[in-house]
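Everything below concerns the one structure shown next.
Rule-based calculations on the coordinates, nothing more; no lab input. Since we're looking at a predicted model, the values are computed, not measured. Virtual Cβ from ideal backbone geometry, glycine too; neighbours counted across all protein chains shown.
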Amino acid sequence: MKIIKRKEYIDNIRHYLWIPLVKIITGQRRIWKSVILSQLMDEFSPKETIYINKELSEWSHVSEDYHLEKYLEEEIKIGKKYIFIDEVQKILHWENALVSLLSKYGNKIDIIVTGSNSRMLSKELGTYLAGRNVQIHIHPFGYDEYRFLFDLDINRESFEQFLKAGTFPAVYQLPNEIQEVWTKQLVDSIFIKEIYSNYTIDHTDVLLDLFAYLTNTIGSKTNISNIQKHLEKQGRKVSVVTLNTYVQYLKDAYLIYGVSGYDLRGKKFFDKEQKYYISNPAMRFFQHSRKYDVMWSILENYIYLEGKRYWRTMSVAKIKDKEIDFIAEKNNEKMYIQVAYELSSPEVIEREFSSLEMIKDSRKKYVISMDSFEWVNENGIHQISAWNSYKIFS
């Protein structure tokens with residue numbers, strides 16, 4: 001398999017080089033953060049670089065801020081300028097060491113680190129590295145990158161292959177028959193390394209049931225009280241406080257995303273209910289068969305991930321009693337999106353287009369589906385095939 005150069009991320013990191021800030025590359029495990037780091041390191045002489053990989057046992061001796069600062073200072077004194085640290089959150093109080101080094105050496109060094117848990121961006125980090133860091137988040141792989149890796153044409157067949165393979169690039173090297181098993185094993189390892197090892201979990205069964213519930217209700221509005229009632233029916237008694245905490249743990253590990261709603265008429269966000277999406281749509285196949293309703297939710301999940309990757313802000317919305325699947329925003333741009341698996345009848349077409357027709361502003365409006373035809377209705381609303389949705393995001 002080819003190794004793709006995720007140019008947009010490398011260019012973004014390069015933009016901040018030699019600015020006295022710690023560059024923090026965040027994202028889920030096995031999303032090629034290390035590959036991006038390696039590709040960036042290749043641009044510099046080995047004599048100028050320092051590389052610490054906390055995934056490897058050979059770096060077990062660098063376990064606290066004191067060890068990190070002492071080691072790096074010795075390397076800096078012999079002329080090393082670029083500091084690369086993989087999975088920096090595995091070093092206790094790492095931020096103290098980096099702040100100290102920035103204070104001593106200022107713009108004589110450049111520090112780039114990766115981390116797989118947003119816990120490292122917590123209030124504590126804001127205290128120690130406030131104003132001294134910039135975060136670059138690495139998003140899951142998209143259909144365009146999947147196609148590039150295998151030299152595939154843009155069509156429904158290759159798009160469905162991608163949806164079933166998922167967004168973990170390492171899975172693409174495996175035979176189709178074991179991809180699902182491998183993906184499940186990787187998710188299990190994320191639970192172990194990013195949740196169980198970082199937090200005290202009193203009810204692991206509740207956490208796993210919670211994750212299963214959220215993967216099973218992709219794109220459905222829900223709230224913590226509804227989740228609590230569902231789990232109680234399964235024999236899992238747990239408080240709202242604990243559930244809120246567990247949801248945050250799943251977000252910290254980049255396994256799920258919570259999306260707030262926006263009232264287009266009232267011009268305000270509402271947080272009582274949210275929709276949840278998962279970082280890898282293929283994770284839904286663990287507990288559910290490949291049937292229509294699963295593929296519909298996976299398609300909506302994909303559109304959410306693409307929007308986050310390119311447009312950064314994705315909200316769900318309502319106008320009167322109608323729902324709008326997504327409002328995508330970037331800088332001063334905005335567009336509205338409805339997602340339907342197939343426009344299989346006049347009733348379905350009416351339902352999907354009517355919500356967008358209620359929005360009277362002139363911004364672009366799209367219905368994205370798995371249909372092969374594309375058209376524009378009399379009100380200027382575009383229907384496009386899902387495999388061509390890159391045209392509206394990129």
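What to note about this one:
- Extension gain, I349 to E43, is 105.0 nm, computed as 0.36 nm per intervening residue step minus the present C-alpha separation.
- Student exercise, segment 143-393 dipole from Lys, Arg, Asp, Glu Cβ charges, in Debye to nearest 20: 860 debye
- Cα-based helix-to-principal-axis angle, 240-252 vs the chain, degrees rounded to 10: 70 degrees
- Here the chain carries DSSP beta bridges of which approximately 40% are antiparallel, counting only pairs with both residues inside.
- Ordering of 140-152, 84-96, 161-173 by burial proxy (mean other Cβ atoms within 10 Å per residue, highest first): 84-96, 161-173, 140-152
- The candidate values were (i) 22.0; (ii) 22.8; (iii) 24.4; the one computed from these coordinates for Kirkwood radius over Cα pairs in Å carries the label (ii).
- Summarising the label geometry, the points placed 7 Å from Cα in the beta-carbon direction at D263 and H203 lie 3.2 nm from one another.
- Mean residue ellipticity at 222 nm, helices only, the chain: -12000 deg cm²/dmol; runs of at least 4 DSSP H residues each add -39,500 (n - 2.57), and the sum is divided by the number of residues.
- Ordering T49, T245 by the number of other Cβ atoms within 10 Å of each residue's own Cβ, fewest first, gives T245, T49.
- Counted residue by residue at 0.36 nm each, then reduced by the alpha carbon distance between them, the extension gain from E145 to E64 reaches 25.4 nm.
- Cα lying deepest toward the dipole's positive end in segment 1-127, options I85, S60, A97, charges on Cβ: I85
- Site pair I154 and V181 shows an inter-label distance of 3.7 nm when each label is modelled 7 Å from Cα along Cα→Cβ.
- Using a Förster distance of 56 Å, the FRET efficiency for S362-S189 (Cβ separation, nearest 0.05): 0.70
- Given K184/K318; K47/K90; K233/K308, the pairs whose alpha carbons are separated by over 29 Å: K184/K318; K233/K308
- Distance between the modelled labels on S225 and Q135, one decimal in nanometres: 3.0 nm (7 Å Cα→Cβ projection).
- Note on K272 and Y71: the extension gain reaches 67.5 nm, defined as 0.36 nm multiplied by sequence separation minus the Cα-Cα distance.
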